[in-house]
1. Could you check region B:75-90 and list, in sequence order, the residues that are under 13 Å from B:Glu16 (Cβ atoms), among the polar types (S, T, N, Q) and not in a helix (DSSP H, G or I)?
2. Can you tell me which residue among B:Gln109, B:Gln38 is among the polar types (S, T, N, Q), at pLDDT 95 or above and touching a Gly at 6+ places or on another chain (Cβ under 9 Å)?
3. Has region A:39-53 got at least one residue that is farther than 16 Å from B:Leu100 by Cα, of a type in the set (S, T, N, Q) and open to solvent by less than 50 Å² (accessible area, probe 1.4 Å)?
4. Take residues that are more than 18 Å from B:Phe34 (Cβ to Cβ) and tell me which of the strands (runs of 3 or more DSSP E) falling wholly in region A:5-115 contain 1 or more.
5. Which one of B:Gln38, B:Gln81 is open to solvent by 10 Å² or more (accessible area, probe 1.4 Å), more than 14 Å from chain A (Cβ to nearest Cβ) and not β-branched (Val, Ile, Thr)?
6. Can you tell me which residues in region B:99-112 are surrounded by fewer than 19 Cβ atoms within 10 Å (Cβ to Cβ) and either in a strand (DSSP E or B) or facing chain A (nearest Cβ under 10 Å) (or both)?
7. Condition (residue is touching a residue at least 40 places away in the same chain (Cβ under 8 Å) and of a type in the set (Gly, Ala, Ser)) applied to region B:23-31: is it met by at least one residue?
Amino acid sequence: EAQVTQNPRYLITVTGKKLTVTCSQNMNHEYMSWYRQDPGLGLRQIYYSMNVEVTDKGDVPEGYKVSRKEKRNFPLILESPSPNQTSLYFCASSLGTGGWDTEAFFGQGTRLTVV
Amino acid sequence: GDSVTQMEGPVTLSEEAFLTINCTYTATGYPSLFWYVQYPGEGLQLLLKATKADDKGSNKGFEATYRKETTSFHLEKGSVQVSDSAVYFCALESYNTDKLIFGTGTRLQVFP
């Protein structure tokens, strides 16, 4: 089954404790992206990647890191989480070599709480 | 920069009512336009898309027409069901930056 898998689904952590949210897709997609969803703000792009070893900042990259060592995986790293990073996070992937002109597949989301 | 504006929700309707959710966009070039749906506790799923002016996207009884003259992509359904209750996101693919840009989402609640 074609899917994007994120882990964990729920995470509560303390300020400053490094964490990684994993994302894996089994569709051989080139494009992958991370979004955060906040009430009243919709989805905002954090980072995206157009292929292995190619990543770029989205609209809200501060406080986040990503890597794309393999085509299928695109982990999101919070080196020193802060309460303002409490949010619902989504990973997405797409086949389109021209961008997102083909369907984007989303993971089920990771609800992160930083206390 | 490119942006998407959606009507604020929630939109509350009775079953079998007509639905319109407004979406307008600002973009350079000719973006592709999308509607995504998010059911409770799930990720987003593509509902429909249109890639050029006057195209109509349709799926599951929902329709939206790419109107370049009014820079709009309004979502419509003739008769909603309780199972359509979800959050609906309008989005565009930025022509210059390969980004997928979302609106803020509109929550639809359908009551029997």
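The values are calculated or read from the model by the stated rules, or taken from the named source; none is laboratory data. Every value quoted in this text rests on a predicted model; they were computed, and no experiment measured them. Here the Cβ positions follow ideal geometry from the backbone for every residue, glycine too, while neighbour counts run over all protein chains shown. The area values use the complete protein model at the heavy-atom level, side chains included, leaving out ligands, DNA and RNA. Shrake-Rupley method; radii C 1.70, N 1.55, O 1.52, S 1.80 Å.
1. B:Ser79, B:Gln81
2. Being among the polar types (S, T, N, Q), at pLDDT 95 or above and touching a Gly at 6+ places or on another chain (Cβ under 9 Å) holds for just one of B:Gln109, B:Gln38, which is B:Gln109.
3. No, that holds for no residue.
4. Because the criterion is at least 1 residues that are more than 18 Å from B:Phe34 (Cβ to Cβ), the strands (runs of 3 or more DSSP E) in region A:5-115 that meet it are A:10-13, A:19-25, A:31-38, A:42-51, A:54-57, A:76-78, A:87-94, A:110-114.
5. Result: B:Gln81 is the single residue among B:Gln38, B:Gln81 that is open to solvent by 10 Å² or more (accessible area, probe 1.4 Å), more than 14 Å from chain A (Cβ to nearest Cβ) and not β-branched (Val, Ile, Thr).
6. Within region B:99-112, B:Arg107, B:Gln109, B:Phe111 qualify.
7. Checked region B:23-31: at least one residue is touching a residue at least 40 places away in the same chain (Cβ under 8 Å) and of a type in the set (Gly, Ala, Ser).
This table checks each residue for (1) over 10 Å from the mean Cα position of the chain (by Cα); (2) at pLDDT 95 or above.
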position	(1), (2)
A:Asn7	yes, yes
A:Met27	yes, no
A:Ser33	no, no
A:Gln37	yes, no
A:Asn51	yes, no
A:Thr55	yes, no
